[in-house]
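Throughout, read-outs are computed from the coordinates displayed, never taken from laboratory work. Not measured: the values here are computed from a predicted model. All Cβ positions, even for glycine, are placed from backbone atoms using ideal geometry, and neighbour counts span all protein chains on display.
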Amino acid sequence: MRKREQSPELDESSILKDARKIISLQVEDRSRRAFLLRGLTLGGVAMLSGCNITDNDHVETALSSMSRFNDRVQGWLFNPNAMAPTYPESMITRPFPFNAFYGIDEAPTVDEDTYRLEVTGRVADTHSWKLEELRAMAQTDQITRHICVEGWSAIGRWGGIRFSDFLKCVGADTDAKYVGFKCADDYYTSIDMATALHAQTLLTLTYDGAVLPREYGFPMKLRMPTKLGYKNPKHIQAIFVTNTYPGGYWEDQGYNWFGGS
């Protein structure tokens, strides 16, 4: 995810007209496929229109309301039992692309020996985890497709702990609304609990059979094939469970919060 450039402002009435049209289309056609194809949100409208919404409180409030509406509908449509496609090893994209809001040379370097994963919020066990403890847990892997909001995709092999197993291990309140993440590169994001418990959501420690490389998120990355790329945080340092909406790095700048299927 790269930094967005400043764009020319558009007329307020034009922005709202386009956004209302999108919502109207979603309501008229309730099929899952049509909704996902048409589901432009605050972030999508802003990017596609090239508008700068930060200077007009009325426009920002209206579009934010529409984005939250989209989040609710996407959450309603989400099927926790539906699996994202998996692929054979022959289809892995090599090399897997690097993508962040900074250059590859700026990716953070985390010391393995001193690293501790902080777990807080609505959990029973708040002890800080060493990497050796995490590696001792049951591991699984998957070959799935990473889909970037910028329009490209790549297939990779990710290995680690089923996140639902980790949440169970720490005694997380699975009736809570959100799981949030803070990262070593100052990135932060949050997801809904249903996605956190999805069978394909992994707290990944490896990539393609080796220790997760620095450029892909060492020491750990949350991998969710049911979400767009920007929802998959890297270099995770802290996880927290909460009922208070935590937002996210891109989400707080206008991107859709749910960000998935």
Item to complete: May I ask you to derive the FRET efficiency for Ala194 and Lys168 from their Cβ-Cβ distance with R0 = 25 Å, giving the value to the nearest 0.05?
Response: 0.95
Practice prompt. Pull out a ≥ b ≥ c, the square roots of the eigenvalues of the alpha-carbon gyration tensor of segment 89-253, then state rounded if a/c is under 1.5, prolate if not and a/b is larger than b/c, and oblate in the remaining case.
Written response: rounded
Discussion item. At R0 = 35 Å, how high is the FRET efficiency between Asp186 and Ala210 if r is their beta carbon distance? Nearest 0.05 is fine.
Written reply: 0.85
Fill in: Using a Förster distance of 22 Å, the FRET efficiency for Phe98-Thr244 (Cβ separation, nearest 0.05)
0.10
Worksheet item: Which net charge results when you count Lys and Arg as +1 and Asp and Glu as -1 among the other residues whose beta-carbon is under 9 Å from that of Ala107?
Response: -2
Item to complete: Determine the gain in length on full extension of the stretch Gln253-Glu150; use 0.36 nm per residue of separation and subtract their C-alpha separation, reporting nm with one decimal.
Response: 35.5 nm
